[in-house]
Amino acid sequence: MIPSITGDTSTLFSTEPKDSLEELFDREREVGRLKESVNERLVLVLGLRRTGKSSLVLATLNSMNINYVYVDVRKVYDDVSKKVTVDKLIDELHSSLVSLSKKEKLKKALSELEISVESPLRIRVSKDTFRRVAIKIFDALNGLGKTVVAFDEAQYLRFSTVGLRPLLAYIYDHLKNITVILTGSEIGLLHDFAGLEDPNSELYGRYYKAIEVMPFTRETSEEFLRTGFKQLGADVDQRVIERAADELGGIVGWLVYFGKLYQEKGDAALDEVKEVGSRLVKKELDELFQKSPYYSHIMKAIAVTGNTRWKNVVDYLVAQTGKNLTNATISRDLNNLVKMGFIKKENGTYHIADPIVRYTLLEKY
Ligand code: ADP
Ligand code: MG
C-alpha cells in the first residue's frame, strides 16, 4: 500500500531547499566545516547541481544566529538577455536586507543612502553609481559586526553588466567583518569568475576555503531513502530502495523526487523520476548546446560509451560532424564541459557525472 503524505509538514522528501539543520540529512562534516569557515574571508561551496549546496548553506547559517544576506544569483540572471543587470542585483540584495532590517544600525546607515529597508526599493542605479551604492551597502553591513554575504550559483555573476570582482576584492581587503560565500554548480566557471588563480584578476592570490558537496555514497543514498520513507510511515521493499540508490547516483535532488513520487506511483516511480528529471535536464542541456556546435556530440559520445577515452571522443566527433576538427578545438570544448561539471575525468577516461544527464543524452538526443 502507498500511504499519502499528510499535511505539508516538511520531510526529507520536500523539494524546497532545506533551511534548518533538523531537516538536513547527513552532511555533519560539511556543516562543521562551513561553521568554521565563517571566520575566513572567502568560502567556495562547490558541487554538482542538486547535490544540496543551497540547503547546506541555508541550514547552516540559520543555525548560527549570525547576520547574513543571501542572494540567489540564478534568480537575478535574465534568460533572455543572458545578463545580470545591476538593477536586479541591487533589488535582490535589497530584499535580502529586509530580513536584517530590525538592526537599527543598518537602517540608519542605509537611510543616509536614501535606501529604506521597509519599503520597496525606489532608487534606480546607473552602472556608474552601482559600485558606489553597493560599497555603501556593504560598508553598512560591515558595521553590523560579523556578517555573511552568500551569493548562490555565483558563477552567473560573470554575466553581470558591471564588473563585480573589484567589489569583492574591496570587501575582501577592507571589510573584515564580512565573510563572502560563493556557491557554484559550474565549478570551473566559478573559479574563472573569481579568478583566484588568474594574475589579471582583482582577487588573484587571495586565500579561500573550499567546501565540496559530493553526491551521497551508495550506502548514504539507501539510508536517506529508508529514513525518508520511515518518516512517512511507508514500508518500502529493500530492493526498490537499492535500485533507486543504484540508478540515481547519490544526487539528493533526484532521491527526493523519487521518494516523493513513490507515494503516488509506487514501482513506476523510478522511471517517472528519470522522465521528469530528464525533462528538466533537457532544458539545461538545450541551453548548453547553444554555446558550441560540438558540445552535444562530445557528451553523446561519452554517454554512449560510459568511460570514454580521448580518442573515442575524437572518432565519434569526426564521424558525426564529418569535419576534421583540430585537437585544440576538441580539447577546449571538452575542458569546458569538465569545468561546468557535466563531465568528470578520472584515470584518463571521461564519464557523465550525473546518471540522469546520461539518461537524457541517450534518450532525448
Ligand atoms: P543545490 O543547491 O546543490 O542545487 P539543493 O540544496 O537545492 O541543491 O537541494 C536539492 C534537493 O535536495 C532539494 O529538494 C533539497 O530539499 C534536497 N536536499 C539537499 N540536501 C539535502 C539533505 N542534506 N537532506 C535532505 N534533503 C536535501
Ligand atoms: Mg542551489
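Numbers below:
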{"read-out": "Distance (nanometres) between label positions extended 7 Å along Cα→Cβ at S10 and E197", "value": "3.6"}
{"read-out": "Fraction of antiparallel bridges per DSSP, the range 27-212 only, in percent to nearest 5", "value": "5"}
{"read-out": "Net +/- balance of residues flanking N327 in space, Cβ distance below 12 Å, scoring K and R +1, D and E -1", "value": "+1"}
{"read-out": "Cβ charges +1 (Lys, Arg) and -1 (Asp, Glu), total dipole of the range 131-219, debye", "value": "440"}
{"read-out": "Only Lys, Arg (+1) and Asp, Glu (-1) charged, at Cβ; the chain dipole about Cα centre in debye", "value": "1100"}
{"read-out": "Evaluated over the range 218-280, the Cα radius of gyration and Dmax, each in Å", "value": "10.4, 30"}
{"read-out": "Share of alpha-carbon pairs per 10 Å distance bin for the chain, given as whole %", "value": "5, 21, 28, 25, 15, 5, 0"}
{"read-out": "For T360, net neighbour charge (Lys/Arg +1, Asp/Glu -1) across residues whose Cβ lies under 12 Å away", "value": "+2"}
{"read-out": "Sequence of S331, S185, S126 once ranked by neighbouring C-beta atoms within 10 Å, starting from the fewest", "value": "S126, S331, S185"}
{"read-out": "Residue exposure sequence - T129, T85, T15, T51 - by fewest surrounding Cβ within 10 Å", "value": "T15, T129, T85, T51"}
{"read-out": "Likely footprinting exposure, F258, F159, fewest C-beta neighbours within 10 Å first", "value": "F159, F258"}
{"read-out": "Scattering profile of the range 27-212 at q = 0.08, 0.11, 0.12, 0.16 Å⁻¹ [log10 I(q)/I(0), Debye over alpha-carbon scatterers]", "value": "-0.23, -0.45, -0.54, -1.01"}
{"read-out": "Fraction of antiparallel bridges per DSSP, the chain only, in percent to nearest 5", "value": "20"}
{"read-out": "Check: the range 218-280 dipole with +1 on Lys, Arg Cβ and -1 on Asp, Glu Cβ, in debye", "value": "180"}
{"read-out": "Environment charge of L270, counting only residues whose C-beta is closer than 12 Å and scoring Lys/Arg +1, Asp/Glu -1", "value": "-3"}
{"read-out": "Top positive-direction residue, dipole computed over the chain with Cβ charges, set T161, V240, A301", "value": "T161"}
{"read-out": "Using a Förster distance of 45 Å, the FRET efficiency for E104-R332 (Cβ separation, nearest 0.05)", "value": "0.25"}
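All of the numbers you see were taken from the coordinates with simple rules; none came from a lab. Keep in mind it's a predicted model, so treat the numbers as computed, not measured. Glycine gets a Cβ as well: all are built from the backbone with ideal geometry, and neighbour counts include every protein chain shown.
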